[in-house]
Amino acid sequence: MHTAYLGLGSNMGDRELQLEEAIKLLNEVNGIEVIQKSPIYETKPVGYTEQPDFLNMCIEISTELESSELLKVCMMVEQQLHRVRVERWGPRTIDIDILLYDQSVIQSPDLEVPHPRMTERAFVMVPLNDIASNVVEPISKKYIWELLLNDERVVKYKNEES
């Protein structure tokens with residue numbers, strides 16, 4: 001079994017429902033079990049800023065799937081929830097990123113793990129810290145809590161229970 005951490009984000013439609021549906025669909029896949037989920041945070045967009053605010057969260061999963069298979073499942077769930085890739089960092093119904101996969105460092109044309117911009121993004125690091133503060137990021141060899149950014153883009157705590 002492998003442990004992976006996924007980042008989820010949505011800024012179109014019923015954002016909270018999109019996150020819930022993504023978790024449900026992931027959990028229904030044979031070989032994936034959602035172990036824990038972070039609170040949901042509302043954040044300002046990064047990159048292309050002329051779009052609605054996002055809801056972001058992270059989940060921990062236990063999986064029998066290899067990283068490449070997990071990536072395919074994440075993309076399949078995005079498609080089921082009507083994700084359309086029009087422009088980089090543009091609006092989306094759902095975005096699912098593999099942040100960490102065990103202590104692996106993966107560099108392939110389709111997948112980079114740890115996620116290459118993970119530590120630069122408070123909307124990833126804050127919810128990841130909620131569920132994985134004592135996990136070591138395999139490139140820096142630092143705990144997630146050590147890498148956590150204080151960032152004004154995290155504007156509102158969405159809910160207290162997950």
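Using +1 at the C-beta of Lys and Arg and -1 at the C-beta of Asp and Glu, which of Leu17, Pro39, Ile61 has the Cα lying farthest in the positive direction of the dipole of the stretch 1-75?
Working it through, the farthest residue towards the positive pole turns out to be Pro39.
Show me the chymotrypsin sites (Phe, Trp or Tyr not before Pro) within the stretch 1-67 that DSSP assigns to loop and that have at most 14 other Cβ atoms within 10 Å of their Cβ. Provide the component values of the computation, followed by the final result.
Working: sites: Tyr5, Tyr41, Tyr48, Phe54; in loops: Tyr48.
Listed in order of number, the matching sites are Tyr48.
What list of ³J(HN,Hα) values in whole Hz, one per residue of the stretch 112-125 in order, does the Karplus curve 6.51 cos²θ - 1.76 cosθ + 1.60 (θ = phi - 60°) give from phi, with Gly and Pro shown as x?
10, 9, x, 3, x, 10, 3, 6, 8, 10, 4, 5, 9, 5
Quickly rank 121-133, 14-26 as a protection proxy: mean count of other C-beta atoms within 10 Å, highest first.
Working: 121-133: 22.3, 14-26: 18.3.
Highest to lowest by the protection proxy: 121-133, 14-26.
We did not get these values from a lab; they are worked out from the coordinates using the rules stated. Bear in mind that the values here come from a model prediction, so they are computed numbers and not experimental data. Virtual Cβ from ideal backbone geometry, glycine too; neighbours counted across all protein chains shown.
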